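The values are calculated or read from the model by the stated rules, or taken from the named source; none is laboratory data. For clarity, every value in this text was computed on a predicted model and none was experimentally measured. As a convention, Cβ positions derive from the backbone with ideal geometry for all residues, glycine included, and neighbour counts pool all protein chains shown. These area figures cover heavy atoms from the full protein model, side chains too; ligands, DNA and RNA do not enter into them. Shrake-Rupley method; radii C 1.70, N 1.55, O 1.52, S 1.80 Å.
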Amino acid sequence: MSENGQTQPVAALIMRAMTLDSRICYRALKARDARFDGRFFVAVSSTRIYCRPVCTVKPPRRENCRFFPSAAAAEANGYRPCLRCRPELAPGNASVDATTRLAQAAASMMEDGTLEQEKLDTLAARLGITDRHLRRAFGAEFGVSPVEFAQTQRLLLAKRLLTDTALPVTEVAFASGFGSVRRFNALFRQRYRLKPGQLRIQRRGSAAAAAVDAHRFELSFRPPFAWSAACAFLGARSIAGVEAVEGGRYRRTVRVLSDGKEHAGWITVEMSPGKPALRVAVSASLAKTLPPVLSRVKTLMDLACHPAEVAQALGALAKPRPGLRVPGAFDGFEMAVRAVLGQQVSVAAASTLAGRFAATFGDPIATPFDSLTTLFPTAPRVATLSPGRIARLGMPGARGRAVVSLARAVADGGLVLMPNVDVGATLDSLRALPGVGEWTAQYIAMRALSWPDAFPHPDLGVMKALGETVPRRALATAEAWRPWRAYAVMHLWQPLKKE
């Protein structure tokens, strides 16, 4: 039983057992169970190669297998990645356990390149802990130190870029976070016993694909994935000119700051037929920012979700819609502004306001898609606006003041709207802003912070679905769904299609 008296999800109990009993790992390996993809890796002593549990090769003999909690732990023990199942494509992990979440948060920051692994004290400070505590949490979760983990992540990213793109080896080295090509080449040969160029494949794209000029990737997830529901949710809330859902594909413009320079472009995301993965196209203009772009796509599409654990916790509520995810945010500030603009109006009206806002204060961008024309304005840009100028777009003056206050807090660095921050402190900071109430704060936590236990209980759609008229009673009802209340909200919203 958990601390709140709820039965713990079966998958979570199995994973705890697997850290002690490798027989369970081996059974999962033989079954090629996608639910465990990314949760452990199997290393084969006879080949010195490590794989994902979903690898399609013939399962090795039990006595030749060793199991590791991370790719980094396998590589630290002298194993190199499988070229068939490609461990760098394994989905990540989501958790509400405190220690696990800290380690996963740090790993996510390393993956998207927001912090250099050498600045471990800075990373720990962002999480509100000491670097010593972070090292302990990291070792317990991944079986290696943060430095070893970061090194493996850089190598795996380089392996992905070498395999999936036509970027020159020099650009691959720097895009992966290596300070020198010499260091990259040496470490790649040492770890993988290959020269980087040996992973190159001949790219025979069509003329149309060449004209679009994009890099293409696949991002794995644990099935099931309710893709149509995700598209419907994002499409209904899309900001005209900035994002669009067309033909089962999600598209958006992108602005990323890297090494003090701004890079702009576009992305497209769609379901991959025949396998549990999303196909992602990234414009060539974003080649130098691929780590953060791919990391943000994973967050936006909630690819770290464990559907079996969520379904176990939600029970009957989740049965009609298996694989329903909680869409995150590609840009936390953009999503927060959209939430403020959506206060006390319909979803459609909020999207209209957000489209006007982007068209008025954003920047134009040329893309191959007629629906993508605008880059959403940055926090520093919005912070310079007068509330009255925003209100003239068609909203109360108080809402204009709330948007400017939000932008100033983000621009000053006092408010960070991204996953892996201190949720409690961030919620307090949001509530302290003028015009930001509990609904807005919880909704931002649910999407911009990717907090799986967020619950905007004052929401009219939530209360109607629960048959309640008092927010605190809706909050009490939701106790049964902890720690996955954000997923419960998505299920409650589905019939009504309201925020």
Among the residues in segment 385-405, are any closer than 18 Å to R431 by Cβ, free of Cβ contacts under 8 Å to residues at least 60 places away in the same chain and among the hydrophobic types (A, V, I, L, M, F, W, C)?
yes
Can you tell me how many residues within segment 56-70 are open to solvent by 10 Å² or more (accessible area, probe 1.4 Å) and either small (G, A, S) or in a loop (DSSP other than H, G, I, E, B) (or both)?
7
Out of all the residues in segment 265-288, which are open to solvent by 30 Å² or more (accessible area, probe 1.4 Å), in a strand (DSSP E or B) and not basic (K, R)?
E270, M271
For G424, only one of the following conditions fails: (1) assigned to a helix (DSSP H, G or I); (2) within 28 Å of L475 (Cα to Cα); (3) modelled with pLDDT of 95 or more. What is its number?
(3)
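Look through segment 328-376, keep the residues that are part of a loop (DSSP other than H, G, I, E, B) and aromatic (F, W, Y), and return whichever of them is farthest from the chain's Cα centre (by Cα).
As a first pass, look at segment 328-376 and keep what is part of a loop (DSSP other than H, G, I, E, B): 328-331, 342-346, 362, 365-371, 373, 376.
From the residues that got through so far, the ones that are aromatic (F, W, Y) too are 330, 369, 376.
Working: F330: 8, F369: 25, F376: 20 Å.
The qualifying residue farthest from the chain's Cα centre (by Cα) is F369.
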If you go through P81, P91, P87, the only one that is closer than 16 Å to F142 by Cα, surrounded by 20 or more Cβ atoms within 10 Å (Cβ to Cβ) and either at pLDDT 90 or above or among the β-branched types (V, I, T) (or both) is P87
Quick count over segment 415-456, residues being within 17 Å of the chain's Cα centre (by Cα), open to solvent by less than 40 Å² (accessible area, probe 1.4 Å) and aromatic (F, W, Y), is 1
State yes or no: is S176 open to solvent by less than 50 Å² (accessible area, probe 1.4 Å), under 26 Å from the mean Cα position of the chain (by Cα) and modelled with pLDDT under 90?
yes
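Hey, could you check segment 20-44 for residues that are in contact with a Lys or Arg (Cβ under 6 Å, 6 or more places away or on another chain) and open to solvent by less than 30 Å² (accessible area, probe 1.4 Å) and say which is modelled with the lowest pLDDT?
A34
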Restricting the search to segment 377-401, which residues are outside any loop (DSSP other than H, G, I, E, B), surrounded by fewer than 21 Cβ atoms within 10 Å (Cβ to Cβ) and out of contact with any Gly (no Cβ under 8 Å at 6 or more places or on another chain)?
P380, R381, A383
When the residues of segment 314-336 are filtered to those that are in contact (Cβ under 8 Å) with a residue 24 or more places away in the chain and charged (D, E, K, R), which remaining residue is surrounded by the most Cβ atoms within 10 Å (Cβ to Cβ)?
E334
Report, ordered by the first and then the second residue, all pairs with beta carbons closer than 7 Å, sequence separation of six or more or different chains, a first member in segment 216-227 that is hydroxyl-bearing (S, T, Y), and a second member that is open to solvent by less than 30 Å² (accessible area, probe 1.4 Å) and in a strand (DSSP E or B).
S220/D37; S220/A277
Just give me the residues in segment 189-205 being more than 13 Å from V169 (Cα to Cα) and at pLDDT 85 or above, in sequence order.
R189, Q190, R191, Y192, R193, L194
Can you give me the number of residues within segment 113-172 that are over 21 Å from C85 (Cα atoms), among the β-branched types (V, I, T) and touching a residue at least 40 places away in the same chain (Cβ under 8 Å)?
2
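Among the residues of segment 457-474, what is the count of those that are surrounded by fewer than 24 Cβ atoms within 10 Å (Cβ to Cβ) and under 15 Å from W493 (Cα atoms)? Can you show your working first?
First, pick out the residues of segment 457-474 that are surrounded by fewer than 24 Cβ atoms within 10 Å (Cβ to Cβ): 457-461, 463-474.
Filter once more, keeping what is under 15 Å from W493 (Cα atoms): 457-461, 463-468, 474.
Within segment 457-474, residues that are surrounded by fewer than 24 Cβ atoms within 10 Å (Cβ to Cβ) and under 15 Å from W493 (Cα atoms) number 12.
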Under 8 Å between Cβ atoms, at least 6 apart or on separate chains: pull out the pairs that start in segment 289-313 with a residue that is touching a residue at least 60 places away in the same chain (Cβ under 8 Å) and assigned to a helix (DSSP H, G or I) and end on any residue that is open to solvent by 20 Å² or more (accessible area, probe 1.4 Å) and of a type in the set (F, W, Y).
P307/F225; A313/W481
What are the residues in segment 208-244 that are of a type in the set (A, V, I, L, M, F, W, C) and touching a Leu at 6+ places or on another chain (Cβ under 6 Å), if any?
L219, F221, A226, A229
Do the conditions hold for G362, that is, is it of a type outside the set (A, V, I, L, M), under 21 Å from H263 (Cα atoms), out of contact with any His (no Cβ under 9 Å at 6 or more places or on another chain) and buried (at least 22 other Cβ atoms within 10 Å of the Cβ)?
yes
Tally the residues that are farther than 20 Å from V326 by Cα and open to solvent by less than 10 Å² (accessible area, probe 1.4 Å), restricting the search to segment 475-492.
0
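Results for (1) closer than 22 Å to R39 by Cα; (2) part of a helix (DSSP H, G or I), shown as yes or no for each residue.
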position: L134; (1), (2): yes, yes
position: E141; (1), (2): yes, yes
position: K159; (1), (2): yes, yes
position: L162; (1), (2): no, yes
position: A166; (1), (2): no, no
position: F174; (1), (2): no, yes
position: G177; (1), (2): no, no
position: R183; (1), (2): no, yes
position: G197; (1), (2): no, yes
